[in-house]
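Reading through the structure tokens given below for one structure.
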């Protein structure tokens, strides 16, 4: 009887293994969450670069139909947008970094921690320079889509059609991938992004055309 009771008691080794597996699972989930957030932010940045650059090119093309002017407007939009995204993200994440560092000092000053513990805590904080670089890069990647679509087409009507086509395809892709990462309905989210993109390009074209005709 005593032998059966000893056999039924959980082994300390098994308990340690169970705790290790549980901790590893939590770490994997946390790591996946962080990677998912970064990837989703990169997709949103690329979508922003795609749509804003395409709208700028189509808007300028409504007044000046030559390929040189249209490409130059796209390049200017890419550089200005990437710099703006980088600076905005740098300021935003630095603010978050400062807030979390201040909270760490209130909870227990890092100066009182060991070197390894202090470094481990700091590694958990967002890196402003990494965020700025990722935002600028993702914006530039998105902006390259309409630029490459228009780069080698001299005819104005064909050029605009190609830009709208490649941008629409990319909007569907970015919208679907963002929805997948956010666990939202993929078809509905993709169509929402696509229709919003068409609306943005249409409004930009229409207003620029109207201003151009007014002689301003």
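What follows draws every value from the coordinates through simple rules; no lab data is involved. Every value quoted in this text rests on a predicted model; they were computed, and no experiment measured them. Methodologically, a virtual Cβ is constructed for each residue, glycine included, from the backbone with ideal geometry; neighbour enumeration extends over all protein chains shown.
Give me 64, 159, 106 ranked fewest to most by other Cβ atoms within 10 Å of their Cβ, as a rough exposure proxy. Intermediate values should be presented prior to the final figure.
Details: 64 15, 159 22, 106 8.
Final ranking by Cβ density, sparse to dense: 106, 64, 159.
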Exercise for review: Could you compute the FRET efficiency for residue 203 and residue 92, with r as their C-beta to C-beta distance and R0 at 25 Å, rounded to 0.05?
Suggested key: 0.35
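Can you work out the FRET efficiency for the pair residue 99 and residue 63, with r the C-beta to C-beta distance and R0 = 45 Å, to the nearest 0.05?
Values: r = 45 Å, r/R0 = 1.01.
Plugging the Cβ-Cβ distance into 1/(1 + (r/R0)^6) gives 0.50.
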Practice item. Describe numerically, in nm with one decimal, the distance between label points set 7 Å from Cα along Cα→Cβ at residue 214 and at residue 153. Key: 3.0 nm
Review point. Fewest to most neighbouring Cβ within 10 Å: what's the order for 93, 75?
Key: 75, 93
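When 153, 164, 99 are ordered from fewest to most other Cβ atoms inside 10 Å of their Cβ, what list results?
Working: 153 16, 164 19, 99 11.
Ranking 153, 164, 99 by Cβ neighbours within 10 Å, fewest first, gives 99, 153, 164.
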Point to revise | Spacing of the two label points (7 Å from each Cα toward its C-beta) at residue 44 and residue 80, in nm | key: 2.3 nm
Check your understanding: From the square roots a ≥ b ≥ c of the eigenvalues of the alpha-carbon gyration tensor of region 53-214, which class results: rounded (a/c under 1.5), prolate (a/b over b/c), or oblate?
Key -> prolate
